[in-house]
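Quick one: the structure is below, and I'll ask about it shortly.
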Amino acid sequence: MTQRSVQQVLGGWGNCPVETCHVTSPESLDALSETVSRGEQSDYIARGLGRAYGDSALNADRGVILTRRLNRLLAFDPQSGLLECESGVSFADLARVMVPRGWFFPTTPGTKFVTVGGAIAADVHGKNHHRDGTFGNFVRRLTLLTASGEVLACSPQENADVFWATVGGMGLTGVILTAQIALMKIETAYFDVSYQRTAHLDETLERFAATDHEYRYSVAWIDCLASGRSLGRSVLMLANDGRADQLPRRLAQRPLDVPARLPLSVPFQMPGFALNPWSVKAFNALFYAKNKDRSTLVDYNTFFYPLDGVQHWNRIYGRRGFIQYQALFPRETSRSGLVKLLEKIARSRGASFLAVLKTSGEAGPGMLSYLHAGHTLALDLPNTGADLRRLVRDLDRILLDEGGRLYAAKDALTSAEVFAAMYPRLDEFRQVKARIDPKMKFVSSQARRLGIVEAVCPKPFLSSAPIPALHDRFSTCSRHAAAG
Ligand SMILES: Cc1cc2nc3c(=O)[nH]c(=O)nc-3n(C[C@H](O)[C@H](O)[C@H](O)COP(=O)(O)OP(=O)(O)OC[C@H]3O[C@@H](n4cnc5c(N)ncnc54)[C@H](O)[C@@H]3O)c2cc1C
């Protein structure tokens, strides 16, 4: 029998927007297929742990399928590290089981509260993109429940176009059921981190470039309220996998164990005034002053998931929520783009509490995958209504002018025209989508807003640069670059 849906108000991690959706939570493939083929809603979108910031896992007044109960580990080869699991398994659960056995993720986002399905659908990246690329690089095979009810096996060799439309495809090709992932062997659960302060943006970018080959992981916390000569001052965190011979004796006996942490929690939505330019400025000054240059070994939770130590930290932004604006600038324009963006943020009253800068490497084959060689800056911006919309339009304009692009997993406010101008392989994706989902069974609120599920002609209304030039800079597909 078809499982009945429950009406529920949902948001992404930023709680902006929140929408009423009709939610089902199937426990088996049969129940899931039944919902997709005979459910009461006209269309559906899969939802993992809801860590995308905006509306990519929302479907206003329509169907949302929670994958959390599809969370079984299916097979593991301890020789090769090849793991097969259902898509609702979280990185937190995987880490708990796999780290003590000496395996970790080849790349991971900044929270472990994501599902394997969500990580594939967003083709997530970590602090090592410049070395190892995105999560999609390590997915050997997946199975996908398509709109016709068929379970399609896809890999870089088999149904490759569906595979590369699904990797980074934000759930729009169907529901990922299972995946085979190549895990990474580790000697210890620790990372050897060098903290280095820089005085301004140029020094930050130079230090990234100079240390790229030395460190596998790199990230910079950036003080986005600093201006003038201090614009872009940062604390860099550069790291390599910790070796057993580096551990002090008390840790060396159990190199794959990590200390248990008591999670803190933000118990309720904070009032809107708690986070303002003054409190953020004070926090930034303290963070910068506290993080003197040093090297230390830290466990994987501390290095990769510092924010996970505070449950519900998104509540500090209050009921109105916030967005994360993650901008990618290609190498040639990243300095000028970052300067313009940081100056704009420093001038605006949209204080960003968290600003993180990373280096990115070459693009992968995912049709809608986000990263290309350059620099990516992620900013949390409180929802100030019309002011935020204006700020985002200005930031979008800077991005377009500098040949940059936004990350769909973070986006909540961008327009279809801007998105189409930033993603030159959108038509290629749409062709795959039209073939395997002609009646548009899999749709999200974001896909509607961004026009991913219908043809949109890119219009250069926001940009002073010609749109085809943007396509040239980002395209890995010469056919599309030529078509402009
Ligand atoms: C604190 C924090 C830090 C983050 N850091 C990073 C980072 O460093 N790098 C990075 O790349 N991202 C980062 N993210 C974003 C996050 O990794 C992605 O949004 C990821 O997709 C969330 O996974 P989820 O399981 O919560 O998916 P959801 O948020 O529930 O869904 C995200 C998308 O995946 C699709 N999806 C989910 N499950 C399936 C499935 N089984 N089949 C098909 N589609 C599916 C949904 O339809 C939706 O389009 C961060 C997010 C947070 C909150």
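The values are calculated or read from the model by the stated rules, or taken from the named source; none is laboratory data. Everything numeric here is computed off the predicted structure, so don't read it as measured data. Because the Cβ atoms are built from the backbone with ideal geometry, glycine has one as well, and the counts that use them run over all protein chains shown.
Which of (1) out of contact with any Lys or Arg (no Cβ under 8 Å at 6 or more places or on another chain); (2) over 10 Å from Ala327 (Cα atoms) does Asp396 not meet, given it meets every other one?
Condition not satisfied by Asp396: (2).
If you scan the stretch 81-118, which residues turn out to be of a type outside the set (Val, Ile, Thr) and within 6 Å of the ligand (Cβ to nearest atom)? Break it down into steps so the answer makes sense when it comes.
First pass over the stretch 81-118, keeping only residues of a type outside the set (Val, Ile, Thr): 81-88, 90-96, 98, 100-106, 109-110, 112-113, 117-118.
Selection gives Ser87, Pro109, Gly110, Gly117, Gly118.
Give the residue that is nearest to Asp55 (Cα to Cα), with candidates limited to residues of the stretch 395-417 that are of a type in the set (Asp, Glu) and touching a residue at least 60 places away in the same chain (Cβ under 8 Å). If you could, list the steps in order and put the result at the bottom.
Within the stretch 395-417, the first condition is being of a type in the set (Asp, Glu), and the residues that meet it are 396, 401-402, 411, 417.
Now restrict to residues that are touching a residue at least 60 places away in the same chain (Cβ under 8 Å): 396, 401-402, 411.
Details: Asp396: 18, Asp401: 25, Glu402: 26, Asp411: 8 Å.
Among those that are of a type in the set (Asp, Glu) and touching a residue at least 60 places away in the same chain (Cβ under 8 Å), it is Asp411.
Could you check the stretch 121-134 and list, in sequence order, the residues that are near the ligand (Cβ under 8 Å from one of its atoms) and closer than 22 Å to Pro306 by Cα? Break it down stepwise before answering.
First, the residues of the stretch 121-134 that are near the ligand (Cβ under 8 Å from one of its atoms): 121-127, 134.
Matches in the stretch 121-134: Ala122, Asp123, Val124, His125, Gly126, Lys127, Thr134.
Which of the residues that make up the stretch 162-209 are away from the ligand (no atom under 16 Å from the Cβ) and assigned to a loop (DSSP other than H, G, I, E, B)?
Answer for the stretch 162-209, where residues must be away from the ligand (no atom under 16 Å from the Cβ) and assigned to a loop (DSSP other than H, G, I, E, B): Leu183, Ile186, Glu187, Thr188, Ala189, Ala199, His200.
I'd like the full set of residues that are among the aliphatic types (A, V, I, L, M), away from the ligand (no atom under 14 Å from the Cβ) and either touching a His at 6+ places or on another chain (Cβ under 9 Å) or assigned to a loop (DSSP other than H, G, I, E, B) (or both), limited to the stretch 377-414.
Leu413
Within 30 Å of Arg243 (Cα to Cα), assigned by TED's automatic domain parsing to the domain that holds Leu238 and surrounded by 21 or more Cβ atoms within 10 Å (Cβ to Cβ): which single residue out of Ser369, Ser360, Ser295, Ser334 fits that description?
Numbers: Ser369 fails: within 30 Å of Arg243 (Cα to Cα); Ser295 fails: surrounded by 21 or more Cβ atoms within 10 Å (Cβ to Cβ); Ser334 fails: within 30 Å of Arg243 (Cα to Cα).
Exactly one residue qualifies, and that residue is Ser360.
If you don't mind, there's one more thing I want to ask. Criterion first (surrounded by 17 or more Cβ atoms within 10 Å (Cβ to Cβ), assigned to a helix (DSSP H, G or I) and either assigned by TED's automatic domain parsing to the domain that holds Asp257 or within 18 Å of the chain's Cα centre (by Cα) (or both)) does Phe329 satisfy it? Quick ask: steps written out before the conclusion?
Details: surrounded by 17 or more Cβ atoms within 10 Å (Cβ to Cβ): yes; assigned to a helix (DSSP H, G or I): no; either assigned by TED's automatic domain parsing to the domain that holds Asp257 or within 18 Å of the chain's Cα centre (by Cα) (or both): yes.
In short, no.
Just one of Glu428, Glu454, Glu417 is surrounded by fewer than 24 Cβ atoms within 10 Å (Cβ to Cβ) and in contact with a His (Cβ under 8 Å, 6 or more places away or on another chain); which is it?
Details: Glu454 fails: in contact with a His (Cβ under 8 Å, 6 or more places away or on another chain); Glu417 fails: in contact with a His (Cβ under 8 Å, 6 or more places away or on another chain).
The match here is Glu428.
Going through the stretch 431-451 one residue at a time, which ones are assigned to a helix (DSSP H, G or I), among the small types (Gly, Ala, Ser) and either surrounded by 20 or more Cβ atoms within 10 Å (Cβ to Cβ) or in the same structural domain as Gly110 (by TED's automatic domain parsing) (or both)? Talk me through it step by step, then tell me what you get.
As a first pass, look at the stretch 431-451 and keep what is assigned to a helix (DSSP H, G or I): 431-436, 445-449.
With among the small types (Gly, Ala, Ser) added as a condition, the list becomes 434, 445, 447.
Residues satisfying the conditions are Ser445, Ala447.
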